[in-house]
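What follows draws every value from the coordinates through simple rules; no lab data is involved. Remember, predicted model here, so these are calculated numbers, not experimental data. Here the Cβ is made from the backbone with ideal geometry for all residues, glycine too, and neighbour counts use every protein chain on show.
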Amino acid sequence: MPEEAPMKNVVCEKSRKALQFVEDVTCNADEVQRKVLAEILSRNANVEYLQRYGLDGNKADRETFKKVMPVVSYEDLKPDIERISNGDTSQILCSQPISEFLTSSGTSAGERKLMPTIEEELGRRSLLYSLLMPVMNQFVPGLDRGKGMYFLFIKSEAKTPGGLLARPVLTSYYKSSYFRERPYDPYTNYTSPNETILCQDSYQSMYSQLLCGLCQNYDVLRVGAVFASGFIRAIKFLEKHWILLCNDIRNGKIDSKISDPSVREAVLKILKPNQKLADFIEAECSRESWKGIITRLWPNTKYIDVIVTGTMSQYIPTLDYYSNGLPLVCTMYASSECYFGLNLNPLSKPSEVSYTLIPTMAYFEFLPVNRTAPTPLGQKTDQELVDLVDVKLGEEYELVVTTYAGLYRYRVGDILRVAGFKNKAPQFNFVCRKNVVLSIDADKTDEVELQNAVQNAAKHLLPFGASLTEYTSYADTSKIPGHYVLFWEICLSGSAPIHPSVFEDCCLAIEESLNSVYRQGRVSDKSIGPLEIRITEKGTFDRLMDFALSQGASINQYKAPRCVKYAPIIELLNSRVVSNYFSPKCPKWVPGHKQWCTPN
Ligand code: AMP
C-alpha cells in the first residue's frame, strides 16, 4: 500500500483535474462537439460508408454532414456489420481496425446487436469511469478511507465467423488492462479481487465476491452493482448460501465447490478464520426479517451504487427494504455503442436523476419526439435533428450518435428528457427505451417480439379446440428472480378440459421464441425465472376495457394493452385468474449468434 500523505495528494490532484475537465467540456460543449465530429470525419475520410454517401470527411463541416448522411438504425447497418463479422477487414465503417464486437442487450431478429468497437474506445470508457468518484466525493467525502463492495461479472464470449471476439461491453472492459492493471487508487479499491470478477462461472464468482465482501464488512463504505437487478440477485444469493459462507469464515477455508484455483488463491489472501464475524453474520442472517440486512451486515455503508432509472425503477422498493432506505445512486449512463455521460448530482432522488452527456465521448444529436406520431426505429425521419447545445428544457428527444468506432447518425433507441443544464451541456432524465414492453434484467422485449412469441405458442391450443382471444403481460418482480407473466383469455369450443402440460408447452414455446438476451437470462445468468401463463375468466378483457373507459380512454381507439404496469389493472386481472402454469424447463440458448461456434 503506498504511503498515505503522498497518495492523498495524488488523489486530490486527480480529482481536481477530473472536475475541471467536466467544467471545461460542459462550458465549451458546442466547440467540443464540432471538434469531435470533424475529428471522426477526417480520420474516417476514406471509409466506404462515408464515401457511399459522397461525403468528403476531410472537408465536410457539420452542415454538410447533416445534409448528406442519413439517420440510421441497426437494420440499415446490418449488411456492413455482417461483412465485418464474416472477416472483411477493409475500411468499411472505420479507418482503425475493429478490435471486437460488443454485444448489446438490444436485439435484432432475436439476436444481440453487434456493435463494432476499436481499441481506443477503452480509453474513452476509462475516462468516464475516472470522473465518477471525484464527483461523488463532493457529496459523500471520506470514501477513500474504505472500500467498495461491487458485484461485477463477466459473461460468456463468442467468436464471429471472421474470428473477432463478440462479448458484452463490461466483459470487454473488466478483461482489459484498464481494469485489471489499474494502479492503486482508493477510489477503485474493491472488496472483490479481480480473479473473482473475472471468473466465468457465475456461481463461483458470486460466492467468492460475497465471501470477500463479508470478510471485509467493516471496510465497506459503498455497495453496488451495475443494475439494481444484479445487486438484488446478490442479496438473494446470500439468503440461500449464508450458512456455507459463515462456515468458510469460521474455518478460514473455502467451500470445495469453489474450484477455480486463481479464485481460491485470491480469496485465501483475504479469508482468515474469524469465529466472531461468523457468529455475527449467522445471527443477522438467521433473524426472520431481512429488512435492513445491508446496513446490518455492512454497517458503514453510505449508499447503494446501482442504476435504478428506466425499467430498473421497479426494484426501488426492494432495495429500500434491504437497505432501510440508504441513498440509491445512479452514477452513469452508457451503452455498447458508446458511453454517454454521468450524473453530476448523484444524491438526487431516483425519479429526478439526470445525466450530463460528456461532449468528448461522441457527436450527439437529438431527434425531437413526436408523441402523437412517433417515427418508428427503422423508418426514415424527415425531422431536423437538434445539436447537443440546442435542445430545449422539458422537451423529449431520441438520442442519435456518431462515434469514433464508425457509427454515423445512429439511433440508439433511448428517449431522454431535458431536465436542466450544466454550463452549456444539457442534463437528461432517462425516459425509456423505445418500444420495450417487458424487462426483468438486461432483457428488453418489444411488442412485436411478444406478439410473435404468443402467436407461436397459441398454436399449441388449436388441436384441443381452444384458441387465444386476448392477452396482456407484465414483469413480475415481487420475487427474485422476476419473471414474465402472460394473462390469457381463451375460447374453448370442446367440453374436455385441457391438460396442464399443454399450457406448460405454451409457456416454453413463448420462451423459445423470445430473443437470446432473454434466453441467456433464463439459462446462463439465472436472472429471469420461468415464464408464467395465467388463464383468466371469460370476459376479463371486457372488464379491462370498461376500466380503461372509466379512466377516460376513447372507445373508438381502445386496444387491449400488451403490457400492464398499473397496480389496479394488475389486481383486476389477478382477481379473475382461474389457473396458472409455468414453463417446465429452460429454453435453448448458446453463446453468440445461433450460427456461430464458441471459442475454445
Ligand atoms: P447495452 O447496449 O446492452 O449496453 O444497453 C445499453 C442501454 O441500457 C442503454 O441504451 C439504455 O437503454 C440502458 N441504460 C444504460 N444506462 C442506463 C441508465 N443509467 N439508466 C437507464 N437506462 C440505462
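Once you reduce the stretch 301-355 and the stretch 521-600 to the center of their Cα atoms, the two points are 26 Å from each other.
Rounded, prolate or oblate: which one fits the stretch 117-230, using the alpha carbon gyration tensor with axes a ≥ b ≥ c (rounded when a/c is under 1.5, else prolate when a/b beats b/c, else oblate)?
Values: a/c = 2.38, a/b = 1.38, b/c = 1.73.
Oblate, because a/c is 1.5 or more while a/b does not exceed b/c.
Taking the mean number of other Cβ atoms within 10 Å as a proxy for protection, how do you rank 87-93, 433-439 from highest to lowest?
Answer by packing, highest mean first, reads 433-439, 87-93.
Take every DSSP beta bridge whose two residues both sit in the stretch 436-582, then give the antiparallel share in percent to the nearest 5. Antiparallel bridges: around 80 percent, rounded to the nearest 5. Think of each Lys and Arg Cβ as +1 and each Asp and Glu Cβ as -1; about the Cα centre, that makes the dipole of the stretch 400-548 roughly 920 debye.
Starting from the Cα of N345, step 7 Å toward the Cβ, then list every residue of the stretch 381-420 with an amide N under 14 Å from that point. Counting only backbone N, you get 394, 418-420.
Kindly list the residues of the stretch 95-133 that lie in the label zone of N86, defined by a backbone N under 20 Å from the point 7 Å along the Cα-to-C-beta vector. Under 20 Å, as judged by backbone N against the label point of N86, lie 98-102, 108-117 of the stretch 95-133. Our estimate of slack between E265 and E288, defined as 0.36 nm per intervening residue step minus the Cα-Cα distance, is 4.8 nm. Antiparallel beta bridges, as assigned by DSSP with both residues in the chain, represent about 75 percent of the total such bridges. Long hydrophobic helices in the chain, taken as whole DSSP H segments with a C-alpha length of 30 Å or more on their own axis and mean Kyte-Doolittle hydropathy at least 0.0: 228-251.
Calculate the dipole size of the stretch 141-301 relative to its Cα centre from +1 charges on Lys and Arg beta carbons and -1 charges on Asp and Glu beta carbons; express the result in debye to the nearest 20. Don't skip to the answer; put the middle values down first.
Working: 22 positive and 16 negative charges, 33 e Å.
Here the stretch 141-301 has a charge dipole of around 160 debye.
With N the number of residues in the stretch 447-600, Rg(Cα) / (2.2 N^0.38 Å) evaluates to 1.12.
With contacts taken as Cα pairs under 8 Å and at least 6 residues apart, the stretch 424-561 reaches a relative contact order of 26 percent.
Beta carbons within 10 angstrom, averaged per residue: use that to sort the peptides 189-197, 487-495, 360-368, highest first. Let's see the in-between values first.
Values: 189-197: 21.8, 487-495: 15.9, 360-368: 23.4.
The densest-packed peptide leads the list: 360-368, 189-197, 487-495.
The simple spin-label model puts a point 7 Å past each Cα toward its Cβ; for S501 and R145 those points are separated by 6.5 nm. Cβ crowding within 10 Å, taken as a proxy for footprinting-reagent exposure, orders L268, L132 from fewest neighbours to most as L268, L132. For the Cα trace of the chain, dividing Rg by the Kirkwood Rh returns an Rg/Rh value of 0.97.
Determine the percent antiparallel among the DSSP beta bridges restricted to the stretch 141-301, to the nearest 5. Kindly include the intermediate steps, with their values, before the conclusion.
Details: 2 of 8 bridges.
DSSP beta bridges in the stretch 141-301 are roughly 25 percent antiparallel.
Taking 7 Å steps out from each Cα toward its Cβ at C12 and E352 produces label points 3.1 nm apart. Using R0 = 22 Å, the C-beta based FRET efficiency linking Q595 and K78 works out to 0.95. Take every pair of alpha-carbon atoms less than 8 Å apart whose residues are at least six positions apart; their mean separation over the length of the chain yields a relative contact order of 14 percent. Relative contact order for the stretch 519-600: 50 percent, from Cα pairs under 8 Å spaced at least 6 residues apart, divided by residue count.
Here the label points at Q383 and M545, each 7 Å from Cα along the C-beta direction, are separated by 3.2 nm in the simple model. The tail of the calculated P(r) for the stretch 141-301, taken as Cα-Cα distances beyond 28 Å, holds 21 percent of the pairs.
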